[in-house]
Amino acid sequence: MKAPLFDRREFIAAAGCSTAALLSGGPRNLLASAPEIAVDLAHDPLRPEYHLLPPHNWMNDPNGPLWWKGQYHLFYQTNPGPVSGAKQWGHAVSEDMVHWRHRPIALTPTPGGPDGDGCWSGSAIVFDGVPTFLYAAVQSAPLEQSTIREGNPTLRETQMLATAEDDGLLRWEKLPNPVIAAPPTGLAVTGFRDPCPWHKADGWYLGVGSGIRGVGGCVLLYRSQDLRHWEYLHPLIQGKARTADSSNPVGSGEMWECPDFFPLGDRHCLLYSTEGKVYWTTGDYDARAHRYTPSRRGILDQGAYYAPKSFLAPGNRRILWGWITETRPEAEYVAAGWAGVMSLPRVLAVDADGQLTMAVADEVEKLRGKEERFRVKAGTPLRLELPTLRRELHLGATGSLHAVTLRLLTSGNKAWELNLDVRGGKVHCGEREFPLPKSRPGEPALRLFLDGSVIEAFVGCSQTITSRVYAVKSGQTELEIAVDGEGVLELTEWPLAAISSDRLTT
């Protein structure tokens, strides 16, 4: 269940071939023909059925979520094979953030161009009435021009812009040259990618994920009036120096990826990804000095979750998407023909103490089937058969319970376990341990979503852990719940409908 450490510098090196070879189905294209893929994937019990994922092959970071002309658009990193390589932007569209239709690839690398080795992560905004992408482009470069110097090849990261040519967001026109061609002069950066724009009364601002060697991870701040010409200001926020191995700046925390900065209630929130984790912070933004000072921080998700991206949805809701990563060996997901899943949409808020809270968007409730309720007492574990691997569960307690343990059992063998240690104030799941938060009145102590090999668990409203469970099998898996202490555990359970008939989510 341990999430791997992620570093985009490894992606192209791991692909072992050129962008052109990847895009033409070169040596790393290990898939069968498309009809055979569809048949295999439609019968893969590990493949989720109500989470968004591409028809086949690789998925990673969510990019540019956008509400436009009555539809939700979600773009994401994808690749022509089931392993990571030269990135493109996939595209899916929905009326409800639950049921999705796949659209043609939105961005592909331009051979020989600034993004010739990949269209990496970025954002979507509407500028002068036109949907616009700002994204990180990568291209092989000499060492003295590179922003990623570890690994082979060395890469130059620049920030590029593309505009939509139609209201369906199917066709995009790139500017031929980067809008930010290099990091600020004199900074020894450990990376330079994943632009995050926002608008203020005096213009547009842009945070770029980065780090400074020997100083620490940071977000570099720029300002513009037209999105084409950017002035560097200073770091929006600067992290601390790290003493860990600097051969992998993301792994050591000396490089912050995928920054996401936005107002939330009466505070501002910054998310960033590093050390294989996503960190959240809340605090104050000084609009005159253009600096952000966090007052609270934590880990956004304790499990297989990385590189999230948010957007403002109708109803003034801040919705967050995240990449649910694979934790099985590469050979297994290559054989399966797919890798990576998009999380369920999470609604973000900040409580009075500055704590970031999360809840699954209400739209997911439309998938619920018949509700069932159960009561569990100490000494009498409950076992539920799971005819399908699509479930939502809510747990609440009355009285004084000391501990609650949930297990998934396949043919009687434990496939996954989560323990709420009430007396010790801890949550245990696999190798992970983290504080057990208090539930708010009227909120379940645990809300769990099972979908094939994915489990998203929300403990209270301020802790989450996403698990990958590859030992489950349809019709052969049970859920066991046991409690310890004086009191009763109340369980509410719903089967959830699949969003397609063939596990292709469209």
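None of the figures in this text is laboratory data; all of them are computed from the coordinates on show. Keep in mind that this is a model prediction, so the values were computed, not measured. FYI the Cβ positions are ideal-geometry reconstructions off the backbone, even for glycines, and counts take in every protein chain you see.
With Cα atoms defining each centre, region 58-80 and region 170-184 are spaced 19 Å apart in the structure. Distance between the modelled labels on residue 167 and residue 200, one decimal in nanometres: 3.5 nm (7 Å Cα→Cβ projection). Remark: relative contact order (the chain) = 16 percent; criterion is Cα-Cα distance under 8 angstrom and separation of 6 or more residues. For region 363-495, the alpha carbon convex hull comes to 106 Å³ per residue, rounded to a whole number. What separates the Cα centres of region 343-360 and region 208-274 is a distance of 22 Å.
Cβ crowding within 10 Å, taken as a proxy for footprinting-reagent exposure, orders 358, 342, 255, 160 from fewest neighbours to most as 358, 342, 160, 255. Here the residues 226, 96, 194, 117, ranked from fewest to most Cβ neighbours within 10 Å of their Cβ, fall in the order 226, 96, 117, 194. Computed extension gain for residue 102 through residue 225, at 0.36 nm per residue and net of the alpha carbon distance, reaches 40.9 nm. Short-range pairs are left out: with C-alpha atoms under 8 Å and at least six residues apart, the relative contact order of region 363-495 is 44 percent.
Could you pull out the pairs from 277/438; 200/366; 277/370; 377/426 whose alpha carbons sit more than 30 Å apart here? Distance filter (> 30 Å) returns 200/366; 277/370. Take the Cα of residue 470, step 7 Å toward its Cβ, do the same at residue 410, and the gap between the two points is 1.0 nm. About its Cα centre, the chain has a charge dipole of approximately 520 debye under the convention of +1 per Lys or Arg Cβ and -1 per Asp or Glu Cβ, with nothing else charged.
Each of 429, 119, 196 has some number of other Cβ atoms within 10 Å of its Cβ, and from fewest to most they run 429, 196, 119.
One chain, two ends: residue 506 and residue 234. Fully extended at 0.36 nm per residue, the span grows by 93.6 nm beyond their Cα-Cα distance. Give me the Kirkwood hydrodynamic radius of the chain, using the inverse of the mean 1/r over all pairs of distinct Cα atoms, in Å to one decimal. Kirkwood radius, the chain: 23.4 Å. Cβ-Cβ distance of residue 383 and residue 126, R₀ of 60 Å, FRET efficiency by 1/(1 + (r/R0)^6): the value works out to about 0.70.
Each label was represented as a point 7 Å from its Cα along the Cα-to-Cβ direction; for residue 423 and residue 110 these points are 6.6 nm apart.
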